[in-house]
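Read through the structure below, which is laid out as structure tokens, and then see the notes.
Every read-out reported here was derived from the displayed coordinates using simple, explicitly stated rules and does not represent laboratory data. Worth saying up front: this structure is predicted, and the values here are computed from it rather than measured. In this analysis, Cβ positions are derived from the backbone assuming ideal geometry, glycine residues included, and neighbour counts consider all displayed protein chains.
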Amino acid sequence: MAARGRTSRALTRRIDGDRSRRTPDDLIVEEPMSIRVDGNLVATTMRTPGDDFDLAVGFCVTDGVLAGVPVRGVRYCGDGSVAESEFNDVTVETGGLAPEPTPRIGPASSSCGLCGSLALEELSERLAPLEVEPFDLDILSGLSDRIGAGQPLFGATGAVHSAVAFDRSGEPVVAREDIGRHNAVDKVVGHLHLNGLLPVTDLGLWVSGRASFEIAQKAWAAGFAALVAVSAPSSLAVETARTAGFQLGGFARGRRLNLYTGD
């Protein structure tokens, strides 16, 4: 499988007041990846190469493509060799048990995900409300200091988002980074699914950016008991969390937290 996260180097002119100098800079790699189920195209997304199998499975889980059937395998595919496809084509194998997907039209942006693919009413028809215990508020309000530092790709490039699943004590369980917020979450969800850990009713999800509807629906699909974002939630994300029954916190910085649901 492709290495976890890739960077490239570029020569840049660094300007600081009246001073300037030429220096190499690390850039995050962004490439398209096609996601398939049993060889049938589901979507193409822009992502940071690495943890591609987790991303493909997580996307299929959170978007409801698998319809509850088990994953039998994940592999790179394409018309030529894996090397020729540059590890940019992945199929999730269910042995033909999953319904044939309707492919998304056009590539999904790494910054906004598949916006509008699911409305809250449609989501409520697919997912049942969660029966989860709320997290201790002291744990949620202290997450950013404990979790936020573990972002090596962000430290190198300043250009990626992070998603982290954490336990009841606030300890990280699995962390992933990607240029797309949605991809980082899908990589976490895919890892948990492939390890037989879904639904994760005793885990929470921390994200480095804002909490949009798409992030909230992915948290609901995976069964997280809480979603904590460094930035603000949207109104639809709050409504989604309230409908699903999980805690939603925003502006998680230092020891501060705004709790929108599950108080």
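Determine the shape class of the range 137-261: with a ≥ b ≥ c the square roots of the Cα gyration tensor eigenvalues, call it rounded for a/c under 1.5, and otherwise prolate if a/b is greater than b/c, oblate otherwise.
Since a/c stays below 1.5, the shape of the range 137-261 is classed as rounded.
Per-residue counts of other Cβ atoms within 10 Å, averaged by peptide: what ranking do you get for 231-239, 22-30, 188-196, highest first?
188-196, 231-239, 22-30
How much of the DSSP bridge set in the range 137-261 is antiparallel, in percent, rounded to the nearest 5?
Expressed as a percentage, antiparallel bridges in the range 137-261 total about 65.
Treat each spin label as a single point 7 Å out from the Cα along the C-beta direction, and report the residue 121 to residue 69 distance in nm.
So the label points at residue 121 and residue 69 sit 2.9 nm apart.
Let me know the volume per residue of the alpha-carbon convex hull for the range 204-259, in Å³.
Cα convex hull per residue, to the nearest whole number: 61 Å³.
For residue 171 and residue 15, FRET efficiency with R0 = 25 Å and r from the beta-carbon atoms, rounded to 0.05?
For residue 15 and residue 171, the calculated efficiency is 0.05.
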